[in-house]
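Before any comments, here is the structure.
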Amino acid sequence: MRIVQQALYLEVADRMRGMIDAHALVPGAWIDESTLAGQLGISRTPLREALKVLAAEGLVRLEPRRGCFVNELSERDLDEIFPLMALLEGRCAYEAARNATTQDLEALEGLHAELARHAGAGDIDAYYETNFQIHEAIQRLAGNRWLSGLISDLRKVLRLSRHKSLKLPGRINESCAEHLSIFSALKAHDPDGAEALMKTHLLRQRVALTALSVPDRTAQAEAAALHAFPNSSRTQAGTP
């Protein structure tokens, strides 16, 4: 009985992550536990356990006497998270470039061809899913469980701004070009190049988010973001 209950609240947590991704639960929204439990066909006990899991992941916050709210990422949060993701995913690309086999690269080739098709069609949702698969594939190729754990934790939080940066005009094509450049470095087994390009890719996502929220600060944001890694653009041939 105890095992069933544990499995249920984990399933509920997974369902709620999907609702947050789809913006059925929007950032800042108050979570009506009674209504949500009714919609999911469960009691409030597994729901509350699921909310504790999501709170630990940073997706929701529990406030005494007020209830539970979907978290919102502030500009400061994004400024703090993206440089960390750039460091971590950059290191993933570095290790992946050293570890990738011919078979690994063939699998990535197919994913990048799919990515380019979605970019050409302007299909943001499909692009995001393939983009996610590529990042996870590179993460697996790095083969570093400590690094993988840190990235996965931060990636859960970034669900709150899911693929929003791709809504900036031209960003989907720029993102695709950046990925193709990273893939070229992986195929060349160039760890330093792959790391630098991946860092720049993550930092440009932050710049795009800033451009969407505060257009007149785009130039300052780009300068500040890239200043964090002054050498990250040295291998950007072919990348806009």
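The values are calculated or read from the model by the stated rules, or taken from the named source; none is laboratory data. Being a predicted model, the structure only gives us computed values, none of them experimental. Every residue, glycine as well, gets a Cβ built from its backbone with ideal geometry; the counts of neighbours run over all protein chains shown.
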note = Every listed condition ((1) crowded, with 18+ Cβ neighbours inside 10 Å; (2) touching a residue at least 60 places away in the same chain (Cβ under 8 Å); (3) under 30 Å from V53 (Cα atoms)) holds for E178 save (3)
inquiry  = Are there helices (runs of 4 or more DSSP H) fully within the stretch 90-182 with at least 1 residues that are closer than 24 Å to D77 by Cβ? List them.
reply    = 124-142, 145-157
ask   = Out of curiosity, is I81 surrounded by 17 or more Cβ atoms within 10 Å (Cβ to Cβ) and within 27 Å of A185 (Cα to Cα)?
value = yes
key: Which numbered condition A225 misses (of (1) at pLDDT 90 or above; (2) surrounded by 18 or more Cβ atoms within 10 Å (Cβ to Cβ))   = (1)
